[in-house]
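**Q** Got a structure here, written out as structure tokens. Questions coming.
The values are calculated or read from the model by the stated rules, or taken from the named source; none is laboratory data. For clarity, every value in this text was computed on a predicted model and none was experimentally measured. Note that we place each Cβ from the backbone using ideal geometry, even for glycine, and neighbour counts take in every protein chain shown.
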Amino acid sequence: MYRTSDAGPAAPARARRRGRALALAGVLALLAGCGSPPPATPPLARPVLERPVGRVYRDAQERLYVPAEAVVQRGGIPGVFVLQPPAPFPPPATGAGGETLAHARFRMIRPGRTVRERVEVLAGLAGDERLVLGSLRDVLDGSPIVAVAGAAREGD
């Protein structure tokens with residue numbers, strides 16, 4: 001005769017009860033630790049970058065163009081870094097000179113044709129954004145940016 005277990009027919013029921021008891025003990029341990037708030041998460045330590053800023057250009061046919069140097073590929077996705085102004089609350093961070101820091105935010109775009117060092121943007125921008133220019137290799141989403149004084153680039 002084939003013997004499956006020496007524990008008898010009640011063994012699976014006992015194992016289920018034991019598993020439930022262990023799960024309940026784990027939940028109770030988690031709940032007991034929830035009485036205190038979690039520790040504060042420190043902000044990401046990112047270096048403040050000084051970069052020139054530019055703008056989105058609009059032509060007579062309402063097409064949008066950005067400087068070709070503003071377009072980057074991140075993970076194979078084309079995009080630009082848009083300068084996001086600081087929120088009024090909490091109080092915005094300031095740089096070494098006391099200037100208010102804005103943050104670079106990666107915005108995916110659908111690029112079109114290139115005309116005189118400008119790339120047409122088919123989708124992804126509204127047209128009123130300020131763009132981060134210059135060397136974008138070290139710029140990450142959320143990087144604090146200080147606009148270089150007198151380096152804002154205007155269109156012709």
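**Q** Kindly indicate the residue of segment 115-150 that is of a type in the set (Asp, Glu) and more than 12 Å from residue 83 (Cβ to Cβ) and also nearest to the chain's Cα centre (by Cα) among those meeting that condition.
**A** Out of the qualifying residues, it is 141.
**Q** Please specify each residue of segment 101-156 satisfying the condition of being of a type in the set (A, V, I, L, M), modelled with pLDDT of 85 or more and out of contact with any strand residue (DSSP E or B) (no Cβ under 6 Å at 6 or more places or on another chain).
**A** 115, 126, 140 - these are the residues of segment 101-156 that are of a type in the set (A, V, I, L, M), modelled with pLDDT of 85 or more and out of contact with any strand residue (DSSP E or B) (no Cβ under 6 Å at 6 or more places or on another chain).
**Q** Yes or no: segment 51-60 includes at least one residue that is of a type in the set (A, V, I, L, M), farther than 30 Å from residue 134 by Cβ and either at pLDDT below 70 or outside any strand (DSSP E or B) (or both).
**A** Within segment 51-60, none of the residues are of a type in the set (A, V, I, L, M), farther than 30 Å from residue 134 by Cβ and either at pLDDT below 70 or outside any strand (DSSP E or B) (or both).
**Q** What number goes with the only condition from (1) modelled with pLDDT of 65 or more; (2) within 22 Å of residue 144 (Cβ to Cβ); (3) not hydroxyl-bearing (Ser, Thr, Tyr) that residue 21 does not pass?
**A** Going through (1) modelled with pLDDT of 65 or more; (2) within 22 Å of residue 144 (Cβ to Cβ); (3) not hydroxyl-bearing (Ser, Thr, Tyr) one by one, residue 21 breaks only (2).
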